[in-house]
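Structure, as structure tokens:
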Amino acid sequence: MKRVAHTAEMPESVASLIGSVFGLRHAPLRGRPIGEFLTDMEDVSALIVAPGDPVDAACIAELPKSIKLIASYSTGLDHVDVEAAQRRGIPVSNTPDVLTDATADIAMLLILSAVRGAGDAERMLRMGDWKGWTPHQIFGSDLAGRVLGIAGPGRIGAATALRAAAFGMRLVYWGRRQSEAMNGLGAKPLLDLDAFLEAVDVISLHLPSTPWTRRFINERTISAMRKGAVVVNTARGDLVDDEALIAALHDGRIGGAGLDVFEGEPALHPGYLTAPHVTLLPHIGSATHETRLAMGRSVFSSLQQHLCG
């Protein structure tokens, strides 16, 4: 029986599925000396990793020759040095196409929370500051008629737009090219970035992490947006310049933010903890039983393809 190591605990249903064919070994990577981790790699044929694991060039260079696959329990691969793996001839797989609805649901939750001020309202309750209903308390805004800008009109962006349309939001999008799915929803393409930024009341990020997109939300792009606009990020933490966004929340240039991902997670910029009008979630975009099982099945399929062929 071929052995597979996994760096993070998996749902029991996924572990049972993979364990029905392969020998499973738990081998944490984060927070351990690399030597200890490599000891766990003896006689291992594949490695299952997760977001936040530092699968960098140094780690990949030390993996034993027995490793025939690095399978990421995620869609994104920014935690894996894919080029370093390619140089060693190790394929890298991910779990595409199975997170769309779950992540779009969380994006819509964050849009609602940020626009309606739900984060501030919940904190008022938790801190014991609520004195009862009054006509002037925490005000949000109606979603109907507001302009949602989708930055990155791929599958998840289009699914988020579909949900937002049901709330009466008007839709625009920005990307490298037009999207048939977005056009089919009546969304207006604004492929000039400044025109896009100037048009939106809410921007929802659905971009990959690349040298071109990192720090997409920064001092310049914030300045180009309408005063009081809302920023939502369910894609990659490094799309946002944390210092710039936190400053803009404090001075009111940005009216609210909803964040499910953070640069350097699980650590996050401490300024978010005291920033106003922000809702923070611990990377739960794919956290439904159905989606995590579908991700596990995708990982299992990759293992079968590369180890049992």
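The values are calculated or read from the model by the stated rules, or taken from the named source; none is laboratory data. These numbers were taken from a predicted model, which means no experiment stands behind them. When we count neighbours, we look across all protein chains shown, and the Cβ atoms used for this are built from the backbone with ideal geometry, even at glycine.
Scanning the stretch 63-103 for residues that are more than 30 Å from THR160 (Cα to Cα), assigned to a loop (DSSP other than H, G, I, E, B) and either in contact (Cβ under 8 Å) with a residue 60 or more places away in the chain or not β-branched (Val, Ile, Thr) (or both) returns LEU63, PRO64, LYS65, SER66, LYS68, ARG88, GLY89, PRO91. Could we say that MET41 is surrounded by 15 or more Cβ atoms within 10 Å (Cβ to Cβ) and either charged (D, E, K, R) or without any contact (Cβ under 8 Å) to a residue 40 or more places away in the chain (or both) here? Yes. Every condition in (1) under 22 Å from VAL147 (Cα atoms); (2) touching a residue at least 40 places away in the same chain (Cβ under 8 Å) is met by GLU265 except one, and the failing one is (1).
Taking the stretch 180-294 as the region of interest, the helices (runs of 4 or more DSSP H) fully inside it that hold 2 or more residues being among the β-branched types (Val, Ile, Thr) and either modelled with pLDDT of 95 or more or in contact with a Cys (Cβ under 7 Å, 6 or more places away or on another chain) (or both) are 219-224. Being of a type in the set (Asp, Glu), surrounded by 17 or more Cβ atoms within 10 Å (Cβ to Cβ) and either closer than 20 Å to GLY258 by Cα or at pLDDT below 95 (or both) is a description that applies to ASP120.
The single condition among (1) over 30 Å from GLY52 (Cβ atoms); (2) touching a residue at least 12 places away in the same chain (Cβ under 8 Å); (3) out of contact with any Gly (no Cβ under 8 Å at 6 or more places or on another chain) that LEU239 does not satisfy is (1). If the condition is being without any contact (Cβ under 8 Å) to a residue 24 or more places away in the chain and acidic (Asp, Glu), then the stretch 187-206 contributes only ASP192.
Tell me whether the stretch 130-139 contains one or more residues that are modelled with pLDDT under 95, assigned to a loop (DSSP other than H, G, I, E, B), of a type in the set (Val, Ile, Thr) and exposed (fewer than 12 other Cβ atoms within 10 Å of the Cβ). Among the residues of the stretch 130-139, at least one is modelled with pLDDT under 95, assigned to a loop (DSSP other than H, G, I, E, B), of a type in the set (Val, Ile, Thr) and exposed (fewer than 12 other Cβ atoms within 10 Å of the Cβ), which makes the answer yes.
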